[in-house]
Amino acid sequence: MGKVNVTVETESGVPTYSYAGGGFKLTKLDKIIGAARANSLWPLPFATSCCGIAYMATMGPNYDLARFGMERMSFSPRQADLLIVAGTIAKKLVPVLRQVYEQMAEPKWVLSVGACASSGGFFDTYSVLQGIDRVIPVDVYVPGCPPRPEQILDGVMNIQKLAKSESLRRRYSEEYKHLLSKYNIENDINEQK
Amino acid sequence: MSKSKITNEQLLSELQAKFGDAILQSSQPYGMLNVYVPADRTHEVVEFLQKSETLKMNYLTNIAGIHYPEDKGKELVVVYQLHSLVNNIRMRVKATLPIEKPEVQTITDLYSGANWMERETYDFFGIIFKGHPNLKKILNMEEQDYFPMRKEYPLEDPTREDKDNRFFGR
């Protein structure tokens with residue numbers, strides 16, 4: 001807040017300063033929208049196994065994800081900003097995961113929780129996807145098998161950092177379009193422009 | 001384990017009395033009776049075990065497949081695990097199948113639970129259950145064009161790059 005100095009005479013005769021009035025702040029649109037986005041991310045929990053249980057602990061009152069503006073879990077991808085993939089993704093589930101990702105509106109972020117989502121973990125087998133970054137782009141990886149809730153919180157805070165510092169132009173950029181095209185995902189945000 | 005009302009010997013003698021030479025082989029690993037029957041007679045044998053007034057094998061626990069690549073002409077084995085809840089006794093009926101033509105008659109007409117079990121055995125071993133109402137993959141993804149539990153296929157995902165065999169002892 002901009003400082004509005006009002007001099008007040010007190011009984012002792014020494015002037016003190018108080019803050020009053022609406023004030024003002026100079027900032028950039030990017031920053032203020034980034035701050036708004038970062039502090040009101042609606043996560044979509046895509047929890048398939050034990051990492052999902054660690055994630056549920058993170059949501060609970062002990063660790064309290066709500067402190068980060070994530071009071072509401074969005075079980076509809078259309079209103080979600082953050083896809084939290086927690087658990088083993090079998091190859092049969094890949095089309096579902098992709099469809100969920102594609103249904104989310106821009107801007108969207110992806111948090112890969114745990115060894116299985118990040119690399120297949122110890123399920124080095126014919127039926128398990130060896131890391132979700134083979135089918136959708138991932139912003140932050142959380143290691144662990146399963147990770148502690150603190151680690152998941154750390155991952156979420158890293159997503160918040162990304163959201164805060166992201167340029168408003170990023171989602172329209174050629175680089176972003178290229179990133180999505182590597183995954184064969186249609187980026188309709190560019191078509192509308 | 002509580003006592004069974006009939007013994008393995010009774011089971012075996014009833015089967016031998018009914019089917020004679022069709023009971024190719026029998027053994028009792030860990031106290032459970034196993035019998036081998038010809039692949040074209042599994043339905044008959046299972047039906048007899050289910051409908052028999054004395055044996056009453058009324059519950060199908062599981063259907064499994066086995067692959068023995070070295071046994072030429074009988075590479076695949078289909079295993080039926082039956083349970084008589086009335087007599088408190090269990091047994092296995094097995095049949096060997098050649099890998100070129102792994103066909104066996106469905107038992108979905110006897111046990112409805114066999115439907116998904118046969119689909120699973122088909123999915124993993126490629127055993128064809130003739131007469132099954134809907135024999136298609138059940139657990140693996142539809143694009144999978146091989147039967148992963150057959151031993152010629154590697155268990156590991158072949159596309160994984162971060163595993164260096166030197167560090168994993170293989």
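Using the structure shown, decide if residue A:53 is over 18 Å from the mean Cα position of the chain (by Cα) and aliphatic (A, V, I, L, M). So residue A:53 fits the description; yes.
Let's see how each residue does on (1) within 14 Å of chain B (Cβ to nearest Cβ); (2) open to solvent by 20 Å² or more (accessible area, probe 1.4 Å); (3) touching a residue at least 60 places away in the same chain (Cβ under 8 Å); (4) not small (Gly, Ala, Ser):
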residue	(1), (2), (3), (4)
A:71	no, yes, no, yes
A:74	no, no, no, no
A:99	no, yes, no, yes
A:113	no, no, yes, yes
A:121	yes, no, no, no
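Only a single criterion out of (1) modelled with pLDDT of 85 or more; (2) part of a helix (DSSP H, G or I) is not satisfied by residue A:191, namely (1). Residue-level check: of (1) in a helix (DSSP H, G or I); (2) of a type in the set (D, E, K, R); (3) within 15 Å of the chain's Cα centre (by Cα), residue A:72 misses just (1).
Residue check: is residue A:63 open to solvent by 50 Å² or more (accessible area, probe 1.4 Å) and touching a helix residue (DSSP H, G or I) at 6+ places or on another chain (Cβ under 9 Å)?
yes
Screening region B:104-157 for residues that are part of a helix (DSSP H, G or I) and among the aromatic types (Phe, Trp, Tyr) and picking the one that is nearest to residue B:57 (Cα to Cα) gives B:116.
Please specify each residue of region B:23-41 satisfying the condition of being hydrophobic (A, V, I, L, M, F, W, C), outside any strand (DSSP E or B) and open to solvent by less than 50 Å² (accessible area, probe 1.4 Å). Hits for region B:23-41 are B:23, B:32, B:37, B:39. Residues that are within 20 Å of residue B:142 (Cβ to Cβ) and either more than 14 Å from chain B (Cβ to nearest Cβ) or in a loop (DSSP other than H, G, I, E, B) (or both) within region A:77-97 comprise A:88, A:89, listed in sequence order.
Of the set (1) assigned to a helix (DSSP H, G or I); (2) open to solvent by 30 Å² or more (accessible area, probe 1.4 Å), all apply to residue A:51 but (2). Among the residues of region A:20-48, those that are free of Cβ contacts under 8 Å to residues at least 60 places away in the same chain and open to solvent by 80 Å² or more (accessible area, probe 1.4 Å) comprise A:24, A:25, A:26, A:28, A:32, A:42. Checked against (1) part of a loop (DSSP other than H, G, I, E, B); (2) open to solvent by less than 20 Å² (accessible area, probe 1.4 Å), residue B:65 passes all but condition (1). Filtered by the rule that a residue be closer than 22 Å to residue A:183 by Cα and part of a loop (DSSP other than H, G, I, E, B), region A:127-166 gives A:127, A:129, A:130, A:131, A:135, A:136, A:137, A:138, A:139, A:166. Among the residues of region A:126-147, those that are open to solvent by less than 30 Å² (accessible area, probe 1.4 Å) and facing chain B (nearest Cβ under 8 Å) comprise A:126, A:128, A:130.
The set of residues in region B:1-22 being in a helix (DSSP H, G or I), surrounded by 15 or more Cβ atoms within 10 Å (Cβ to Cβ) and of a type in the set (S, T, N, Q) consists of B:8, B:10.
Under the condition of being of a type in the set (Asp, Glu), open to solvent by 30 Å² or more (accessible area, probe 1.4 Å) and within 17 Å of the chain's Cα centre (by Cα), which residue from region B:107-162 is farthest from the other protein chains (Cβ to nearest Cβ)?
B:109
The values are calculated or read from the model by the stated rules, or taken from the named source; none is laboratory data. Note that this is a predicted model, so its numbers are computed, not measured. FYI the Cβ positions are ideal-geometry reconstructions off the backbone, even for glycines, and counts take in every protein chain you see. These area figures cover heavy atoms from the full protein model, side chains too; ligands, DNA and RNA do not enter into them. Shrake-Rupley method; radii C 1.70, N 1.55, O 1.52, S 1.80 Å.
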